[in-house]
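Participant: Got a structure for you, questions after.
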Amino acid sequence: CSVMLFSCENDIKTINSITDIKNFPSQSAKNIEILYSDSAIVKLKIIAPEMARFSNTSEPYIEFNSGIEAIFYDKDKQVETRMTANYAIFYEAKEMWEAKEDVVVVSKKSGNINTELLIWDQKKEIFYSDKFVKITSDNEIIMGVGFEADQNFNNYTILKPRGPINLPN
């Protein structure tokens, strides 16, 4: 009869990285709805199935792993724009949103915007992307790489347009 002895040894770096407080959210919630207002007027509503806030890092952020819907309102409290994405992250100190994976924006004025990455800089009040973008309006479909728009999607620029573009007469 022979006896075999086995020993398990855990690497301290592995244990520390797994148990590091920075790897765990300081807050988490399910089925959330957040309202942003200015002078008691609702400007934006965020709806998400899950949210996790990581405040124990050098750059605190809020993560929306299961998708997000953002609804932007005009001054008359009417829905002006809707944005959905399969993933989003908000960097609190920079006031910067990053929406990824099947980003769809439906704007009353600009039509439908599809891309894989859309960044919203709240301080500068602009949206932009360096990825492929497709804008579908009643009159045309415009495609290109790179995109910039004002916060209300009223005015936009495609940085490197591709495909046929209709010009006004």
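Participant: Could you please find all residues in the stretch 42-81 being open to solvent by less than 40 Å² (accessible area, probe 1.4 Å) and on the phi > 0 side of the Ramachandran plot?
Facilitator: 67
Participant: I'd like to know if the stretch 132-141 contains one or more residues that are surrounded by fewer than 18 Cβ atoms within 10 Å (Cβ to Cβ), in contact with a strand residue (DSSP E or B) (Cβ under 8 Å, 6 or more places away or on another chain), modelled with pLDDT under 90 and hydrophobic (A, V, I, L, M, F, W, C).
Facilitator: Yes, there is a match, as at least one residue in the stretch 132-141 is surrounded by fewer than 18 Cβ atoms within 10 Å (Cβ to Cβ), in contact with a strand residue (DSSP E or B) (Cβ under 8 Å, 6 or more places away or on another chain), modelled with pLDDT under 90 and hydrophobic (A, V, I, L, M, F, W, C).
Participant: Could you go through the stretch 133-140 and let me know if any residue there is over 30 Å from residue 28 (Cβ atoms) and hydroxyl-bearing (Ser, Thr, Tyr).
Facilitator: Yes, some residue in the stretch 133-140 is over 30 Å from residue 28 (Cβ atoms) and hydroxyl-bearing (Ser, Thr, Tyr).
Participant: Residues of the stretch 1-41 being at pLDDT below 90, outside any helix (DSSP H, G or I) and either of a type in the set (Gly, Ala, Ser) or surrounded by 13 or more Cβ atoms within 10 Å (Cβ to Cβ) (or both), which ones? Spell out how you get there, then give the answer.
Facilitator: Narrowing the stretch 1-41 to residues at pLDDT below 90: 1-29, 34-41.
Going one step further and asking which of them are outside any helix (DSSP H, G or I), we end up with 1-11, 20, 24-29, 34-41.
Scanning the stretch 1-41 gives 2, 7, 25, 26, 28, 29, 34, 36, 37, 39, 40.
Participant: Report, by residue number, each residue of the stretch 82-127 that is open to solvent by 30 Å² or more (accessible area, probe 1.4 Å) and outside any strand (DSSP E or B).
Facilitator: 86, 92, 93, 94, 95, 108, 109, 122, 123, 124, 125
Participant: Residue 152 fails exactly one of the following numbered conditions: (1) modelled with pLDDT of 85 or more; (2) surrounded by fewer than 17 Cβ atoms within 10 Å (Cβ to Cβ). What is the number of that condition?
Facilitator: Unmet condition: (1).
The values are calculated or read from the model by the stated rules, or taken from the named source; none is laboratory data. Since the model is a prediction, treat every value here as computed from it, not as a measurement. Reconstructed Cβ throughout: ideal geometry from the backbone, glycine too, with neighbour counts over all protein chains shown. The protein model used for the area step is the full one, side chains on, heavy atoms only, and it has no ligands, DNA or RNA in it. Shrake-Rupley method; radii C 1.70, N 1.55, O 1.52, S 1.80 Å.
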